[in-house]
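One structure is given below, encoded as structure tokens.
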Amino acid sequence: MSRTVQSVERAAALLRALSAASEPMALGELAVAVGLAKPTAHGLLRTLAGAGFVDQEPVTGRYLVGSGLLRLGSVTLDLNELRSETLNWVDTLAARTGEEARIAAYRDGSAVVAHHVFRAGPGAQVMDTGRALPLHATALGKVLVAFDPGAARSVVGRRLDRLTFRTITDRSALLRALADARDTGWASAVSEARPELAGIAAPVRDRGGYVVAAVGIAGPVLRLCDSHGRPRSDLVEQVVGVSRSISRALGHGRAA
């Protein structure tokens, strides 16, 4: 006869509720959502937090899914390993689009570039490998915040610095942009980090389906965007296509 453990079922219900929420949830909201008394929900959340499966915002006291849960079965690549595993595909992306290409991972509150390929042609260019990019003002950073809970947690309660007149500094506006990224599978930043610079990026997943990096291109707005200032669909397709190819190379979608 099959028997279940009630506390495990209740903990799983709390995790499902947090995973489905677009924003951190208060204790009372969670208790109502799963039909538990607040003291019971609080005890379970404390246990889950101790295991790294739930995080609590220090200012509001609200709860959100912890990075420990979403990284179960995932092996974090160091930046050198990420570069060696993906450099051929990043080179391919630069060649196909004619723009500079980068792959970056979340590290210590920033999107850190693991590999950077220059755009072919004349003109001074600066190597970005190892450079830390702002999460809220770059396409690579937005992808990481949208899909990586550690990156998302790092911007909670933090001031969003204005780098240009187009930089998103309002939290609600950033949440909308992140929701769009999750819906479409890619993100953009147009004149947000530097005037006249645009970027397009998409997530890279590992064997377990977890987003371990973001890959994308950057260049002048006039080249990357159409006449309405929207990212060109052909370039979006190239970025998303390469992100999927890298993900497959890392084991995503393969049979176990």
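Which whole-number value in Å² is the accessible area per residue of the chain, probe 1.4 Å?
Roughly 52 Å² per residue, with all protein chains present.
In whole Å, largest first, what are the principal axis extents of the Cα atoms in region 123-216?
Computed over the Cα atoms, the extents are 40, 32, 22 Å.
Using just the helices of the chain, give the 222 nm mean residue ellipticity in deg cm²/dmol: DSSP H runs with n ≥ 4 each add -39,500 (n - 2.57), and the total is spread over all residues, rounded to 500.
On the way: 10 runs with 110 residues, N = 256.
That calculation yields -13000 deg cm²/dmol at 222 nm.
So what is the relative contact order for the chain, in percent, with contacts set as C-alpha pairs under 8 Å and at least six apart?
Details: 457 pairs, mean separation 37.7, N = 256.
Result for the chain is 15 percent.
Just flag the trypsin sites (Lys or Arg not before Pro) in region 132-227 sitting in loop per DSSP whose Cβ has no more than 13 other Cβ atoms within 10 Å.
On the way: sites: LYS142, ARG153, ARG158, ARG159, ARG162, ARG166, ARG171, ARG176, ARG182, ARG205, ARG207, ARG223; in loops: ARG158, ARG159, ARG162, ARG166, ARG207.
Of the trypsin sites (Lys or Arg not before Pro), the ones in loops of region 132-227 whose Cβ has at most 13 other Cβ atoms within 10 Å are ARG158, ARG159, ARG162.
Enter the accessible area of THR47 (Å², nearest 10), with the probe set to 1.4 Å and all protein chains included.
100
Counting just the Cα atoms, what span does region 198-251 cover along each of its three principal axes? Round to the nearest Å and put the largest first.
Sorted from largest, the Cα extents of region 198-251 read 39, 15, 13 Å.
Heavy atoms only, probe 1.4 Å: what % of the accessible area of the chain goes to carbon and sulfur, would you let me know?
Taking all protein chains in place, the chain shows 52 percent carbon and sulfur surface.
Using only the Cα atoms of the chain, each taken as one equal point scatterer with no solvent, compute I(q) by the Debye sum, divide by I(0), and report log10 of the ratio at q = 0.13, 0.16 Å⁻¹.
-0.83, -1.14
Check each of the chymotrypsin sites (Phe, Trp or Tyr not before Pro) in region 152-250 and keep only those in coil by DSSP with at most 14 other C-beta atoms within 10 angstrom; list them in order.
The qualifying sites are PHE165.
For region 6-73, just say rounded, prolate or oblate: build the C-alpha gyration tensor, square-root its eigenvalues into a ≥ b ≥ c, call rounded for a/c under 1.5, and beyond that prolate if a/b exceeds b/c, oblate if not.
rounded
So if I take the centroid of the Cα atoms in region 83-144 and the same for region 1-40, what is the distance between those two points in Å?
39
The values are calculated or read from the model by the stated rules, or taken from the named source; none is laboratory data. None of these values were measured; they are calculated from a predicted model. When we count neighbours, we look across all protein chains shown, and the Cβ atoms used for this are built from the backbone with ideal geometry, even at glycine. Surface accessibility is based on the protein's heavy atoms, side chains included, excluding ligands, DNA and RNA. Shrake-Rupley method; radii C 1.70, N 1.55, O 1.52, S 1.80 Å.
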